[in-house]
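Report on the following structure.
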Amino acid sequence: MRLIAGVDSSTQSCKVVICDALTGRVVRIGRAPHLPDSEVDPEVWWQALQAALDDAGGIEDVQAISIAAQQHGLIALDAEGRVIRPALLWHDLRSSGAAADLVDEIGAEQFARRTGLVPVASFTITKLRWLADHEPGAAARIAAIALPHDWLTWRLRGYGPAGRSPLGPVLDKLVTDRSDASGTAYYDAVRNEYDRDLLATALRRDAVGIVLPRVLAPDASLTRSDGLVVAAGCGDNAGAALGLGAVNGDVCVSIGTSGTVFAITDTAVQDASGTVAGFADAAGGFLPLVTTLNAARVFDRTAALLGVDHAGFARLALEAEPGAEGLVLQPWFEGERTPNRPDATASLFGLTLDTMRPENIARATIEGVLCGLAAGFDAIRAHGVDAQRLLFVGGAAQNDAVQRIAAQVLDAQVSVPEPREYVALGAARQAATAVGTEGRWPQPIAVVHPVDTRGIIREQFRARLP
């Protein structure tokens with residue numbers, strides 16, 4: 001048996017799956033927690049990766065490994081390979097003003113044409129501008145810029161801070177892939193090159209000498225001195241697409257810490273409105289994507305408020321009628337990315353003495369989160385993206401009420417693949433491809449919910465939009 005490993009270094013934890021390269025069968029698994037903060041010392045991720053690999057039984061018998069990770073996080077390195085300040089993660093919204101400034105300076109259409117993106121607070125370029133404006137001393141020390149998966153891959157290969165890593169701070173050994181680079185807003189995934197003029201604009205200084213990770217091809221690989229092959233790695237959503245075996249015509253809806261809707265297509269999307277981000281995928285194509293910030297945690301917090309577990313939350317929601325008797329939740333508890341309202345707060349509309357029942361509150365919570373994702377689904381299709389199959393994944397997607405209500409809100413047949421670590425599996429699949437050992441990996445088994453158009457859910461939600 002040839003073994004390969006895939007890593008998912010997410011916002012909340014690090015997961016490792018070790019698989020048979022020919023069949024995709026998972027033979028071992030490991031995990032370790034992460035800090036939940038929006039500002040994190042990357043060393044925490046490195047220690048968690050070591051712990052997760054140990055929990056999975058180590059990688060001494062593994063032929064190849066690939067790391068997928070949360071996108072956009074800014075890791076600024078000095079000339080000695082040291083992290084200058086804690087990484088600013090995708091859900092850190094302090095750079096929302098920087099995003100607006102960059103759009104004003106460059107123009108939304110220019111950004112969309114040059115990078116496929118229009119900056120919002122999540123993207124790396126906005127965090128660089130925030131750093132230049134608020135911590136100029138730190139910004140002036142930047143010698144290299146990496147994303148979470150880039151930095152972890154670099155460390156795994158033996159590089160790192162001076163005096164703390166076997167091979168030392170060789171900054172030009174940093175590598176990445178198209179999927180992760182495309183989320184920075186200073187990379188053009190059509191021409192496959194960095195836009196250093198945009199980078200310089202963000203930093204308010206010349207950026208020619210700053211080291212950016214070399215972008216590897218999807219099937220590229222590097223070999224450590226001990227023979228372990230390290231694949232290019234990828235962003236988390238691109239990894240999930242690989243793990244699901246998604247192909248052109250597939251649209252994935254993922255409900256985790258954030259909510260995402262993304263499609264697999266051969267055609268780049270350039271949306272000057274900024275609703276759809278024109279990311280690349282991890283297989284040479286494109287991954288147009290819409291993200292919402294408020295997802296599974298909204299369900300968790302509402303269930304706790306109602307004093308029920310997830311199963312009880314589902315039962316309550318299904319006891320209410322579609323539309324929750326007029327209750328509408330705008331679930332923008334932590335601001336929102338789509339629509340771009342970083343300073344927004346949540347609102348619950350339609351409360352009366354008759355409608356203020358736990359069943360309606362549970363139902364309105366699920367409907368509110370799903371309406372945000374449905375708007376993203378519509379936006380992607382409006383760009384001509386084919387949507388033949390809708391795959392519904394993520395921890396919260398396993399909730400029976402969420403699945404059934406999704407078929408009403410999304411106006412589409414909903415396929416729910418069996419729960420698995422799809423981001424880590426996608427990374428493992430990439431590792432198998434990098435060494436030419438991937439065999440016939442089976443498609444995940446899915447539960448299918450047919451289209452259900454009984455509700456008035458979307459109309460109610462739209463009527464409450466500011």
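I'm trying to understand the selection: among the residues of the range 324-336, which are in a loop (DSSP other than H, G, I, E, B) and crowded, with 22+ Cβ neighbours inside 10 Å?
Residues of the range 324-336 that are in a loop (DSSP other than H, G, I, E, B), as a first pass: 327, 331-332, 334.
Correct list: Leu327, Pro331, Trp332.
Look at Gln388 and say whether it is surrounded by fewer than 17 Cβ atoms within 10 Å (Cβ to Cβ) and polar (S, T, N, Q). Talk me through it step by step, then tell me what you get.
Values: surrounded by fewer than 17 Cβ atoms within 10 Å (Cβ to Cβ): yes; polar (S, T, N, Q): yes.
Criteria met by Gln388.
Could you list, in sequence order, all residues of the range 281-305 that are more than 18 Å from Phe392 (Cα to Cα), of a type in the set (A, V, I, L, M) and in contact with an Asp or Glu (Cβ under 8 Å, 6 or more places away or on another chain)?
Ala282, Ala303
Residue under question is Gln63, and the condition is that it be out of contact with any Cys (no Cβ under 7 Å at 6 or more places or on another chain), in a strand (DSSP E or B) and farther than 25 Å from Glu336 by Cβ; does it hold? First the steps, then the outcome.
Numbers: out of contact with any Cys (no Cβ under 7 Å at 6 or more places or on another chain): yes; in a strand (DSSP E or B): yes; farther than 25 Å from Glu336 by Cβ: yes.
When the stated conditions are applied, Gln63 passes them.
Within the range 405-420, can you find the residues that are assigned to a loop (DSSP other than H, G, I, E, B), surrounded by fewer than 22 Cβ atoms within 10 Å (Cβ to Cβ) and within 22 Å of the chain's Cα centre (by Cα)?
Glu418, Pro419, Arg420
Among the listed residues Ala397, Ala387, Ala424, Ala401, which satisfies the condition of being in a loop (DSSP other than H, G, I, E, B), touching a helix residue (DSSP H, G or I) at 6+ places or on another chain (Cβ under 8 Å) and of a type in the set (Gly, Ala, Ser)?
On the way: Ala397 fails: in a loop (DSSP other than H, G, I, E, B); Ala424 fails: in a loop (DSSP other than H, G, I, E, B); Ala401 fails: in a loop (DSSP other than H, G, I, E, B).
Ala387 is the lone residue from the list that is in a loop (DSSP other than H, G, I, E, B), touching a helix residue (DSSP H, G or I) at 6+ places or on another chain (Cβ under 8 Å) and of a type in the set (Gly, Ala, Ser).
Among the residues of the range 247-263, which ones are surrounded by 24 or more Cβ atoms within 10 Å (Cβ to Cβ) and more than 11 Å from the chain's Cα centre (by Cα)?
Matches in the range 247-263: Val251, Cys252, Val253, Ala263.
What do you reckon, is Ser13 within 23 Å of Gly394 (Cα to Cα) and touching a His at 6+ places or on another chain (Cβ under 6 Å)? Can you show your working first?
Working: within 23 Å of Gly394 (Cα to Cα): yes; touching a His at 6+ places or on another chain (Cβ under 6 Å): yes.
For Ser13, the condition - within 23 Å of Gly394 (Cα to Cα) and touching a His at 6+ places or on another chain (Cβ under 6 Å) - is met.
Residues in the range 159-191 that are outside any loop (DSSP other than H, G, I, E, B) and within 20 Å of Ser66 (Cα to Cα): how many? Can you show your working first?
As a first pass, look at the range 159-191 and keep what is outside any loop (DSSP other than H, G, I, E, B): 171-173, 175-181, 187-188.
From what is left, the residues that are within 20 Å of Ser66 (Cα to Cα) are 171-173, 175-181.
Final tally of qualifying residues: 10.
Among Asp172, Asp150, Asp188, which is among the charged types (D, E, K, R) and open to solvent by 20 Å² or more (accessible area, probe 1.4 Å)?
On the way: Asp150 fails: open to solvent by 20 Å² or more (accessible area, probe 1.4 Å); Asp188 fails: open to solvent by 20 Å² or more (accessible area, probe 1.4 Å).
Checking each option against the conditions leaves just Asp172.
Among the residues of the range 112-131, is there at least one that is open to solvent by 40 Å² or more (accessible area, probe 1.4 Å) and more than 25 Å from Arg191 (Cβ to Cβ)? Full working, then the answer.
In the first step, residues of the range 112-131 are kept if they are open to solvent by 40 Å² or more (accessible area, probe 1.4 Å); the result is 113-114.
From what's left, more than 25 Å from Arg191 (Cβ to Cβ): none.
The answer is no; no qualifying residue exists.
Of all residues in the range 435-455, which are in a loop (DSSP other than H, G, I, E, B) and either surrounded by 13 or more Cβ atoms within 10 Å (Cβ to Cβ) or without any contact (Cβ under 8 Å) to a residue 24 or more places away in the chain (or both)? It would help to see each step written out before you state the result.
Narrowing the range 435-455 to residues in a loop (DSSP other than H, G, I, E, B): 435-445, 450-455.
Those that are in a loop (DSSP other than H, G, I, E, B) and either surrounded by 13 or more Cβ atoms within 10 Å (Cβ to Cβ) or without any contact (Cβ under 8 Å) to a residue 24 or more places away in the chain (or both): Val435, Gly436, Thr437, Glu438, Trp441, Pro444, Asp452, Gly455.
Output the qualifying pairs, or none if there are none: Cβ atoms under 7 angstrom, residues six or more apart or on different chains, first residue in the range 118-137 and within 22 Å of Thr291 (Cα to Cα), second residue of a type in the set (Lys, Arg) and at pLDDT below 95.
The qualifying pairs are Val120/Arg337; Ser122/Arg337; Trp130/Arg94.
Filter the range 337-358 for residues that are assigned to a strand (DSSP E or B) and either at positive phi or not hydroxyl-bearing (Ser, Thr, Tyr) (or both); which is surrounded by the most Cβ atoms within 10 Å (Cβ to Cβ)?
First, the residues of the range 337-358 that are assigned to a strand (DSSP E or B): 341, 347-349.
The next check asks that each one be either at positive phi or not hydroxyl-bearing (Ser, Thr, Tyr) (or both); those that pass are 341, 348-349.
Working: Arg341: 15, Leu348: 17, Phe349: 15.
Result: Leu348.
Name the pairs whose Cβ atoms lie under 7 Å apart, with the first residue in the range 336-356 and more than 23 Å from Ser273 (Cα to Cα), the second loosely packed, with under 15 Cβ neighbours inside 10 Å and aromatic (Phe, Trp, Tyr), and 6 or more positions between them or separate chains?
none
Could we say that Ala207 is open to solvent by less than 10 Å² (accessible area, probe 1.4 Å) and within 24 Å of the chain's Cα centre (by Cα) here? Break it down into steps so the answer makes sense when it comes.
Details: open to solvent by less than 10 Å² (accessible area, probe 1.4 Å): yes; within 24 Å of the chain's Cα centre (by Cα): no.
Against the criterion (open to solvent by less than 10 Å² (accessible area, probe 1.4 Å) and within 24 Å of the chain's Cα centre (by Cα)), Ala207 does not qualify.
Provide a single number: the residues in the range 66-91 that are closer than 9 Å to His149 by Cα and not in a loop (DSSP other than H, G, I, E, B). Quick ask: steps written out before the conclusion?
Step one: filter the range 66-91 for residues closer than 9 Å to His149 by Cα, giving 67-71.
Next, from what is left, pick out any that are not in a loop (DSSP other than H, G, I, E, B): 67-69.
Counting residues in the range 66-91 that are closer than 9 Å to His149 by Cα and not in a loop (DSSP other than H, G, I, E, B) gives 3.
For Arg429, are the conditions met, namely being touching a helix residue (DSSP H, G or I) at 6+ places or on another chain (Cβ under 9 Å) and either in a helix (DSSP H, G or I) or at pLDDT 95 or above (or both)? Can you show your working first?
On the way: touching a helix residue (DSSP H, G or I) at 6+ places or on another chain (Cβ under 9 Å): yes; either in a helix (DSSP H, G or I) or at pLDDT 95 or above (or both): yes.
Judged against the criteria, Arg429 is a match.
How about the range 20-41: which of its residues are among the small types (Gly, Ala, Ser) and either assigned to a strand (DSSP E or B) or open to solvent by 80 Å² or more (accessible area, probe 1.4 Å) (or both)?
Kept after step one, since they are among the small types (Gly, Ala, Ser), are these residues of the range 20-41: 21, 24, 30, 32, 38.
Result: Gly30, Ala32.
So which residues in the range 132-147 are in a helix (DSSP H, G or I) and either surrounded by fewer than 16 Cβ atoms within 10 Å (Cβ to Cβ) or among the charged types (D, E, K, R) (or both), if there are any at all? If you could, list the steps in order and put the result at the bottom.
From the range 132-147, those in a helix (DSSP H, G or I) are 132-134, 136-140; that's our starting set.
Matches in the range 132-147: Asp133, His134, Pro136, Gly137, Ala138, Ala140.
The values are calculated or read from the model by the stated rules, or taken from the named source; none is laboratory data. Owing to the predicted nature of the structure, the values given are computational and were not obtained by experimental measurement. Methodologically, a virtual Cβ is constructed for each residue, glycine included, from the backbone with ideal geometry; neighbour enumeration extends over all protein chains shown. In case anyone asks, the SASA skips ligands and DNA or RNA and just uses the protein heavy atoms, side chains included. Shrake-Rupley method; radii C 1.70, N 1.55, O 1.52, S 1.80 Å.
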